[in-house]
Amino acid sequence: MEKSTPAPHVAMLATPGMGHLIPLAELAKRLAARHAVTTTLLTFASTASATQRAFLASLPPSISPVTLPPVHLSDLPPDALIETRMSVECTRSLPALTAILAELTPRPAAFVTDLFGMDAFDSARRAGVERRCLFFPGSIHSLTLFLHLPELSAATPGEFRDLAEPVRLPGCVPIPGVDMLSPLQERSSPAYAVMVHLAERFVEADAFLVNSFDAVEPEAAAALRHPKPGRPPVYPIGPLIVTAASNKLRDASNKPTRDPCLEWLDRQPARSVIFVSFGSGGALPQEEMRELALGLELSGQRFLWVVRSPSKEGSVSANYYDAESKSDPLGYLPEGFVERTKGVGLVVPSWAPQIEVLAHEATGGFLTHCGWNSTLESHVHGVPMVAWPLYAEQRLNAVMLTEGIGAAIRLPETKEKVTIAAVVRDVMVGERKGALVRAKVAELQKAVEEGLREGGAATAALDGVVENWVGGN
């Protein structure tokens, strides 16, 4: 951007959940650092937790956080899926959002939101914001699925999980029906209708900003770059994650002290510890939690496990909106487990500084739910993965990571201690499949570094986005 051109101001809407807020905030930081872009970052009241408030308070002056007024959600059923809750909250917030956007100064050159905020394009249009962009926080595989979802839904009379053949999309790994997004597994669910509705609006975007990079999904990226009438241009600008250097948050009180689990890692050999965490919203049923504990013990590998209280089967919505455990999760572990494994393992309740753990030289593996932010963090730090997907798009991510790029080994559906132990050993020290996975993530780590350099693919994509915004003024 030429010096004589005023730096643009943009408005960004982060739908509920830290997994949506963090990458959008990182995008705003990168835009400020490279192009002096200023941002109004809008968030929802439902997730205005102490953790979120501390995160927003830590942002640089170029980013101005604004929380939308609360809306009532009490009429939603207690078992309403995450996707339904987010869509309803967004829709009910549109009048307030329109008023805020209309009053912003300087006038925003663009409005950016993630997939659950597609209806907010109406507010941006009414407020006179000319450029409306979709920030897609997931993989290119997931974006491709959304772009084809309306026609797929119309062409599939029954449930996706009952399909005899996998779903085949341009450039993508074949996706078994059972591994499609969890809200698409029940056609009669309100969440299914929400997802199709959002997908139908994707074509209204002026551009897709995708939190992924070519090396992890080369064929899918190439397919989306191929021009198609009516489809917005795609900019793979990822990975957008918090780095160990910039992540100063310890907890809601923003303590600057170093976490004890990092001091424990300091005493472990290089690449010897498998980190076990299912994200801020992930919890296992109690029986699977028990098998995981016994499997880690049986593996003989060092481990650092973020333990959360068990969930009811398939219940994640409550955790997603409130990531704090309501009871001591260590009390659900097998009797004597902590004592028996204290020489090789460390269990911590509810939370650990994931970025710092993955960046630590002692960390050699990551047993993960395959949330996309966690996946990108693993690539950035070159950590091989054991895939244990839980909900949302995580099963699709697991397919891409295992059957596509080969950066993970997936556990079978039946979670038994013997299998868990075998897969953990394979990823950590295996000489065949595990060795290939470790080599692949090392390649991806280099690809990330190259993409973020001056002239790299992600940097060039971000430059293209800003040029588009400036040209629209």
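The values are calculated or read from the model by the stated rules, or taken from the named source; none is laboratory data. What you are looking at is a predicted structure, and each value in this text was computed from that prediction instead of being measured. Cβ: placed from backbone, ideal geometry, glycine included. Neighbour counts: every protein chain shown.
Are any of the residues in segment 372-386 over 21 Å from Ala215 (Cα atoms), surrounded by 16 or more Cβ atoms within 10 Å (Cβ to Cβ), outside the structural domain of Leu209 (by TED's automatic domain parsing) and of a type outside the set (Phe, Trp, Tyr)?
Looking through segment 372-386, none of the residues is over 21 Å from Ala215 (Cα atoms), surrounded by 16 or more Cβ atoms within 10 Å (Cβ to Cβ), outside the structural domain of Leu209 (by TED's automatic domain parsing) and of a type outside the set (Phe, Trp, Tyr).
Could you say whether any residue in segment 422-437 is closer than 19 Å to Glu217 by Cβ and either among the hydrophobic types (A, V, I, L, M, F, W, C) or in the same structural domain as Met400 (by TED's automatic domain parsing) (or both)?
Yes, segment 422-437 contains a residue that is closer than 19 Å to Glu217 by Cβ and either among the hydrophobic types (A, V, I, L, M, F, W, C) or in the same structural domain as Met400 (by TED's automatic domain parsing) (or both).
Assess whether Ala398 counts as being farther than 22 Å from Phe275 by Cα and either touching a residue at least 60 places away in the same chain (Cβ under 8 Å) or buried (at least 18 other Cβ atoms within 10 Å of the Cβ) (or both).
Details: farther than 22 Å from Phe275 by Cα: no; either touching a residue at least 60 places away in the same chain (Cβ under 8 Å) or buried (at least 18 other Cβ atoms within 10 Å of the Cβ) (or both): yes.
Judged against the criteria, Ala398 is not a match.
Applying the selection to segment 182-240, what residues are touching a Cys at 6+ places or on another chain (Cβ under 7 Å) and not in a loop (DSSP other than H, G, I, E, B)?
Within segment 182-240, Ala207, Leu209, Ala220 meet the criteria.
Would you please name the residue that is surrounded by the most Cβ atoms within 10 Å (Cβ to Cβ), looking only at residues in segment 401-420 that are touching a residue at least 60 places away in the same chain (Cβ under 8 Å) and part of a helix (DSSP H, G or I)?
Ile420
So, in segment 144-182, of the ones that are in contact with a Lys or Arg (Cβ under 7 Å, 6 or more places away or on another chain) and acidic (Asp, Glu), which residue ends up nearest to Arg225 (Cα to Cα)?
Top of the filtered list is Asp179.
Closer than 21 Å to Ser212 by Cα, surrounded by 21 or more Cβ atoms within 10 Å (Cβ to Cβ) and in contact with a Phe, Trp or Tyr (Cβ under 9 Å, 6 or more places away or on another chain) - does that describe any residue in segment 121-130?
no
Scan segment 351-368 and tell me whether some residue there is surrounded by 22 or more Cβ atoms within 10 Å (Cβ to Cβ) and free of Cβ contacts under 8 Å to residues at least 60 places away in the same chain.
No, segment 351-368 contains no residue that is surrounded by 22 or more Cβ atoms within 10 Å (Cβ to Cβ) and free of Cβ contacts under 8 Å to residues at least 60 places away in the same chain.
How many residues does segment 63-97 contain that are surrounded by 15 or more Cβ atoms within 10 Å (Cβ to Cβ), at pLDDT below 95 and of a type in the set (Asp, Glu)?
Result for segment 63-97: 1.
Among the residues in segment 90-103, are any of a type outside the set (Lys, Arg), within 20 Å of the chain's Cα centre (by Cα) and closer than 30 Å to Asp75 by Cβ?
Taking every residue of segment 90-103 in turn, at least one turns out to be of a type outside the set (Lys, Arg), within 20 Å of the chain's Cα centre (by Cα) and closer than 30 Å to Asp75 by Cβ.
Matching residues to (1) surrounded by fewer than 22 Cβ atoms within 10 Å (Cβ to Cβ); (2) at pLDDT 90 or above; (3) at negative phi:
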residue: Pro6; (1), (2), (3): yes, no, yes
residue: Val37; (1), (2), (3): no, yes, yes
residue: Thr40; (1), (2), (3): yes, yes, yes
residue: Thr43; (1), (2), (3): no, yes, yes
residue: Thr51; (1), (2), (3): yes, no, yes
residue: Leu59; (1), (2), (3): yes, yes, yes
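Residue-wise test of (1) closer than 21 Å to Val210 by Cβ; (2) under 22 Å from the mean Cα position of the chain (by Cα).
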{"position": "Ala11", "(1), (2)": "yes, yes"}
{"position": "Ala33", "(1), (2)": "yes, no"}
{"position": "Ala36", "(1), (2)": "no, no"}
{"position": "Arg85", "(1), (2)": "no, yes"}
{"position": "Val88", "(1), (2)": "no, yes"}
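Answer yes or no: is there a residue in segment 410-432 that is under 20 Å from Asp214 (Cβ atoms) and among the small types (Gly, Ala, Ser).
Taking every residue of segment 410-432 in turn, none turns out to be under 20 Å from Asp214 (Cβ atoms) and among the small types (Gly, Ala, Ser).
Can Ala447 be described as among the small types (Gly, Ala, Ser), in contact with a Phe, Trp or Tyr (Cβ under 8 Å, 6 or more places away or on another chain) and surrounded by fewer than 21 Cβ atoms within 10 Å (Cβ to Cβ)?
yes
Confirm whether Val178 is surrounded by fewer than 16 Cβ atoms within 10 Å (Cβ to Cβ), of a type outside the set (Asp, Glu) and closer than 30 Å to Leu358 by Cβ.
yes
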